[in-house]
Amino acid sequence: MKTSKANLCICLAAIMVLAASPSRLSSETSPESATAGSGSATRWSLRVDRVQPGEIELAHSFQVATYENLLTELNKTHQFMRVFREGDRKAGDVSNLLVLKTTVVKYAQGSETRRAVTTFSGATKLSVRSQLVTREGKVVLDRTVSGNVRFFGSNLRATHNLARNIAKMIKESPWFGSEQPSATVTGRLTAANSRGGL
Amino acid sequence: MSRFFVFQNHKKSFFARQVASSLWLLLLCSSVAAWAQSAAPLARAPFSIRATHLLGFPNTKNNGNGDLTIKNDALRFEQGAKPVAEIKIASVQGVFLGSESKQVGGNLAKVGKAAAPYGGGRVVSLFAHKKYDSLTVEYADDDGGVHGAIFQLSKGEAENVRRELVARGASPGLRDDGSMEASTAEVSNENK
């Protein structure tokens, strides 16, 4: 009697293992299939160009910080197959390549001390025009995005917020959802202030 | 007559000796100068300075303190026991200086200032700031991709690093209009 019970338990355990294994297999493969099935977004790679100051006199540290933060934030979105830097020779071999061009349109120089003393003044504000351009030169996305730091954090924190907003704007862009390479999205996005420090 | 001839001959030999000795001295001086010139780059001592890495240097955590060192042909950032991060000076495409004022004390001071009654924290903030130099280095990786790293140094020290980098072959940086980037500080980020 005891042995039959034990056999029954073993059989049940074996059935459960067999039943569980396909689902586990499917869950292991699901991220890949999700990536493959997420539409045109994953087929594109992106090259991020250096930030152009335009006619604004902007410190090099701000330009470089925006560029580096953009690369970090865009990599975090997993929206693109690969994210290349400006000048990267490997980008030349990629077939579906978009280029992100960023030009500064507005910059308000703030002060961390003024922010700490008054809390209502001294905000650092940075606005840029972000354009996604295909290799052929067609602009598929054209937006003005802002980033600023109002309360806590150094002035360079504005570049982090700006980069995060640009990445968010690209991720939520209807152009990727529409899967229509002929569509062009233009607009303006203003967002975010900082409560953390850089 | 013959006496005059002998005197003339003696004068000529004296002149020749003088010319030869002058030439020998000139040769000696120039060779010493040439040796000093060729030896100078080899004898350049390592340069090290305390700095805070804000962002962009390879394999280095942001906002970390360490020693920024220029040794041989590399710019290195050393953080205690952590592995040394370095880039080749030859890959540096531009070195730019800036200055800014920051609040001192870190997060602990921020909390303290916020907790201080009757706006006492604001008064403290008014005096608790310090001016820093920022050093921005643009460099290329092996694939040609452009990187940028920003360091924060004590006031007046960034210019020394820049001078040392340029002396060792780093490009000081060119603006789009082709003019050489000013060796002095770029636009101040904050004029507090």
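For B:138-146, what's the mean count of beta carbons from other chains sitting within 10 Å of each residue's beta carbon? Counting Cβ atoms of other protein chains within 10 Å of each residue's Cβ and averaging gives 5.
Summed over both chains, the accessible area lost when B and A associate is about 2900 Å², using a 1.4 Å probe. Projected label points at A:T103 and B:D142, each 7 Å from Cα along the beta carbon direction, are separated by 3.7 nanometres.
Checking the cross-link pairs A:K76/B:K113; A:K101/B:K88; B:K61/B:K88; B:K102/B:K155; A:K168/B:K131 against a 23 Å limit on the alpha carbon distance flags A:K76/B:K113; A:K101/B:K88; A:K168/B:K131 as lying beyond it. Sorted on the mean count of surrounding Cβ atoms within 10 Å across their residues, most packed first, peptides B:76-83, A:63-70, B:119-126 read A:63-70, B:119-126, B:76-83. Mean projection of the Cα convex hull over all viewing directions, computed for segment B:47-174: 8.8 nm². Neighbouring Cβ atoms from other chains, within 10 Å of the Cβ of residues in A:68-77, number 2 on average. To the nearest 10, the accessible area of B:I70 is 0 Å² with a 1.4 Å probe. Neighbours of A:L74 by Cβ distance under 15 Å: Lys/Arg scored +1, Asp/Glu scored -1, total +4. Using only Cα positions of segment A:97-141, each an equal point scatterer, no hydration layer, compute I(q)/I(0) via Debye at q = 0.18, 0.27 Å⁻¹ and quote the log10 values to two decimals. Taking Cα atoms of segment A:97-141 as identical point scatterers yields -0.61, -0.86. Per-residue shielding of A:118-129, expressed as the average number of other chain Cβ atoms within 10 Å of the residue Cβ, stands at 1.
Taking Cβ atoms as reference points and 9 Å as the exclusive limit, the residues near B:R50 contribute a net charge of -2, counting Lys and Arg as +1 and Asp and Glu as -1.
The values are calculated or read from the model by the stated rules, or taken from the named source; none is laboratory data. The structure presented is a predicted model; accordingly, all values stated were derived computationally and were not measured. Glycine also receives a Cβ, built like all others from the backbone with ideal geometry; neighbour counts cover every protein chain displayed. Keep in mind that these areas ignore ligands, DNA and RNA; they rest on the heavy atoms of the full protein, side chains included. Shrake-Rupley method; radii C 1.70, N 1.55, O 1.52, S 1.80 Å.
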